[in-house]
Amino acid sequence: IICASVMVLFSMFFSSDNKVMIFIDRVLSYRLRLGKKGIDLYGLPFLGHWIPMQGNGSTTEEQVHYFFLDSSYLYVLLQYGIVIFAIILCVILIINFRAKLAGEWVLILIIAIMAIQCMVEHHLMNMAYNPFLWALLADLKYQIQVDEKEKRGKIWIRKRV
């Protein structure tokens, strides 16, 4: 939610008159400027709508009419709308909450890295790049059982409850 809020709010309030915002935009490869353009052109739809995008893709030639939303958060918000955007953020929260209850700190770290990466890439909804949203369907209920013999050898076995 923090990463999504940063990208959406920075894009909404981006101003080419503010030197700090220009610096942040340059560091983020002009993603704030393109996000602001997308918000200005298409607004914040409740249920989303199709937005034509043209990027460099596999070419190295300069595009005349370049417009591509590289931030996953802005991409989902503008293409799929506020409702789907909120649902996806809730899914990520549920995954993190369940992982914390199960003590799955590696999954929480992976989701945090994914959240940061989604600030500058548009692959949040692409399962080939981000299979971790499937963790919502995972069974994370484990109980650590330690036998005295195993405890001496420092081998702990995780078994499903």
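The values are calculated or read from the model by the stated rules, or taken from the named source; none is laboratory data. Small disclaimer: the values here were computed from a predicted structure and weren't measured. Virtual Cβ from ideal backbone geometry, glycine too; neighbours counted across all protein chains shown. Areas reflect the complete protein model, heavy atoms only, side chains present, ligands, DNA and RNA absent. Shrake-Rupley method; radii C 1.70, N 1.55, O 1.52, S 1.80 Å.
Measuring with a 1.4 Å probe in the full set of protein chains, what accessible area per residue, in whole Å², belongs to region 1-125?
Ligands and nucleic acids excluded, the result is 59 Å² per residue.
Work out how much length Val106 to Ile51 would gain on full extension: take 0.36 nm times their residue separation and subtract the Cα-Cα distance, in nm to one decimal.
Full extension of this stretch gives 16.2 nm more.
Ordering Leu78, Leu107, Leu137, Leu44 by accessible area with a probe of 1.4 Å, largest first, what comes out?
Leu137, Leu44, Leu107, Leu78
Residue by residue, what Karplus-based ³J(HN,Hα) values in Hz, rounded to whole numbers, does region 30-38 have, using 6.51, -1.76 and 1.60 with θ = phi - 60° and x for Gly and Pro?
6, 6, 5, 4, 5, x, 4, 4, x
Along Cα→Cβ, 7 Å out, is where each label goes; now give me the distance between the ones at Tyr30 and Ser15 in nm to one decimal.
2.2
Show me, for region 93-102, the HN-Hα J-couplings you get by feeding each phi into the Karplus relation (A = 6.51, B = -1.76, C = 1.60, θ = phi - 60°), rounded to Hz, glycine and proline as x.
In residue order, the calculated couplings are 5, 5, 4, 5, 5, 5, 5, 5, 4, 8 Hz.
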